[in-house]
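Have a look at the structure below, then the notes.
The values are calculated or read from the model by the stated rules, or taken from the named source; none is laboratory data. Keep in mind that what you see is a predicted model, and the values were worked out from it rather than measured. Counting neighbours? That spans all protein chains shown, and the Cβs are built from the backbone with ideal geometry, glycine included. SASA here: full protein model, heavy atoms, side chains in, ligands and nucleic acids out. Shrake-Rupley method; radii C 1.70, N 1.55, O 1.52, S 1.80 Å.
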Amino acid sequence: QVQLVESGGGLVQAGGSLRLSCAASGRIYSINVMGWYRQAPGKQRELVAVTTSGGSTNYADSVKGRFTISRDNAKNTVYLHMNSLKPEDTAVYFCNADVQYYTDSYYRRSYWGQGTQVTVSS
């Protein structure tokens with residue numbers, strides 16, 4: 001009943017920049033937390049950055065100072081602006097949203113996007 005559509009992935013050279021976006025649609029009353037995770041080949045999925053509707057943010061140590069997460073609450077969209085990209089940033093990036101689908105906060109669950117590939121060349 002909720003879909004997350006990601007865009008912005010692609011190929012970029014080391015030191016370059018890229019912006020990912022993720023728009024949520026469907027049965028949505030409100031969205032508290034939205035964020036980005038990534039998974040490289042042979043590695044576990046890890047948190048990249050998250051943000052709340054109130055503007056709080058949290059980043060993985062590996063991306064602090066290089067990545068910036070932001071959101072547009074009116075559009076139910078979250079962005080990840082990635083600067084100074086490194087080859088080790090290469091991974092499939094997944095959007096995640098904690099969605100409340102009814103008036104009471106009890107009615108909520110987490111949704112995932114399909115993932116978008118980010119490849120950083122040396």
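For segment 50-65: of the residues being in a loop (DSSP other than H, G, I, E, B) and in contact with a strand residue (DSSP E or B) (Cβ under 7 Å, 6 or more places away or on another chain), which is surrounded by the most Cβ atoms within 10 Å (Cβ to Cβ)? Can you show your working first?
Residues of segment 50-65 in a loop (DSSP other than H, G, I, E, B): 53-56, 60-65.
After this cut, where a residue has to be in contact with a strand residue (DSSP E or B) (Cβ under 7 Å, 6 or more places away or on another chain) as well, the list is 53, 60, 63.
On the way: Ser53: 13, Ala60: 15, Val63: 23.
Here the answer is Val63.
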Quick one: which residue in Ser84, Ser110, Ser25, Ser70 is open to solvent by 30 Å² or more (accessible area, probe 1.4 Å), outside any strand (DSSP E or B) and of a type outside the set (D, E, K, R)?
-> Ser84
Pick from segment 88-107 the residues that are more than 22 Å from Glu46 (Cα to Cα) and either touching a Cys at 6+ places or on another chain (Cβ under 7 Å) or of a type outside the set (Gly, Ala, Ser) (or both): which of them is surrounded by the fewest Cβ atoms within 10 Å (Cβ to Cβ)?
-> Tyr106
Scope segment 66-87; condition without any contact (Cβ under 8 Å) to a residue 24 or more places away in the chain and within 16 Å of Val33 (Cβ to Cβ); matching residues = Ser70, Asp72
Condition met for Leu47 (assigned to a strand (DSSP E or B) and either touching an Asp or Glu at 6+ places or on another chain (Cβ under 7 Å) or at pLDDT 95 or above (or both)) | yes
